[in-house]
1. Under a plain spin-label model, where a point goes 7 Å from the Cα along Cα-to-Cβ, how far apart in nm are ASN355 and LYS7?
2. Might you report the magnitude of the Cβ-based charge dipole of region 340-418 about its Cα centre, with Lys and Arg at +1 and Asp and Glu at -1, to the nearest 20 debye?
3. Want the number for THR58 to ARG220: 0.36 nm per residue separation, take away the alpha-carbon distance, what's left?
4. Between VAL69 and ILE267, with labels modelled 7 Å along Cα→Cβ, what's the label distance in nm to one decimal, could you check?
5. If R₀ is 41 angstrom, what is the calculated FRET efficiency for the pair ARG382 and THR22, using the beta carbon separation as r and rounding to 0.05?
6. If you stretched the chain out fully between ALA178 and ASN202, how much longer would it get, using 0.36 nm times the residue separation minus the C-alpha to C-alpha distance?
7. On a full-extension model of 0.36 nm per residue, what is the gain between VAL368 and LYS315, subtracting their alpha-carbon distance, rounded to one decimal in nm?
8. Take the residue pairs LYS133/LYS157; LYS134/LYS157; LYS232/LYS310; LYS201/LYS397; LYS226/LYS305; LYS7/LYS33 and return only those whose Cα atoms are more than 18 Å apart.
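The numbers here are math on the coordinates, done by the rules we state, and not lab data. Note that this is a predicted model, so its numbers are computed, not measured. All Cβ positions, glycine included, derive from the backbone under ideal geometry; neighbour counts span all protein chains shown.
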Amino acid sequence: MSILEMKVPSPGESITEVEIATWLVKDGDYVEKDQPIAEVDSDKATLELPAEESGVITLKAEEGDVVQVGQVVCLIDRDAAKPAGGAAEAPKQEEAPKAAEPAKTEAPKQEAQKPAQAAPQSYATGSPSPAAKKILDEKGIDAAQVSGSGRDGRISKSDAELAAKPAMGGSSLSATGARSTTTTKLSVLRRKIAQRLVSVKNETAMLTTFNEVDMSEIFRLRKQYKEEFGQKHGVGLGFMSFFTKAVTRALQMYPDVNASIDGDFKINYDFCDISIAVSGPKGLMVPVLRNAENMSFANVEGNIKDLATKVRDGKITVDEMTGGTFTITNGGTFGSMLSTPIINPPQSAILGMHNIIQRPVAVDGQVVIRPMMYVAMSYDHRIIDGKESVGFLVAVKEGIDNPVEILLGGDERKGLGL
């Protein structure tokens, strides 16, 4: 018998363990080579585990188990014959007669429940315990109207907590709607995100500065060149390319924003690796645009599209999310008007975009309606002073308010690669 021991591969540098999130096959199933057999969560991403060979699989770990990189999680019998096409259908046919069996026992079950249903009525006048009395008094509920579940109909603390005050004109004193709860274990990724967010709040001197940008010129450029840009470059002309180029320009103007702290040292980067926050099925991911300062508008849009697709399909790799010197997040896609984004460590700053609203603004002494967006920059005050943070955000505003002169070099067609 030729048995293959499948071990957990390393998802990336510094990752030593993963969690079995979901087995996509059952114990004893026949699997084909390269067939996805499991999804595993690391502290950075959710990855698929493909079968290394074809054969019958034996699972050696349960869903939810945390396993070390290199640990055996399943066995594959490579000598096992592939089952015939309809072999797996027989058990389903045998289950059909069993489905009718519960109907025979329904009546006795109902009869057995009748005494239990009637019992609470005789306890309606039970006296409350001291703790229950205090709760009922606070709620303004008469104890005589509450059914007690304790001995001799005594009203317990839990009975009092479940009692509800009637609505206007109502007479019911107890909750009648569904009150079920569901408990699920957080994934390794979600737990890691939670730890990082708490550590950022506890370990950085985080402040946020705000400004607003006028999107009129970007609206005009997109309307005028959207179709031509799409035909030439194969991607749409979105907002993110303008903000990415505005950010890379501002980072070069204010290098302390493009830096991080390592103990007692400050690390400045002479490149702009921009992390773009993307919402995926497993949570918020931040794939990175490497050397975004050298990218054209088409390159930025194409790379963002590819990375976002990988995130939503669960195919993003750890390497594609590692690094990054500055993050851009767009809560406006979900309708956020204003927020204070949290820094993505070990970075020192993050830009938050928000929704675009037509608002009256003063332009040259006249009130006009313009598409306006609030922008927010959260930064680590240990390394970035107020002067740099405000100056940085003003530089971003300049690029968005006047993209032709500042981001496109004065020639909009050439700047867009048309």
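1. Between ASN355 and LYS7, the label points sit 5.2 nm apart.
2. For region 340-418, the charge dipole is close to 200 debye.
3. 52.3 nm
4. Rounded to a tenth, the inter-label distance reads 1.8 nm.
5. So the FRET efficiency works out to roughly 0.50.
6. Result: 4.8 nm gained on full extension.
7. 14.5 nm
8. Too far apart for the 18 Å limit: LYS232/LYS310; LYS201/LYS397.
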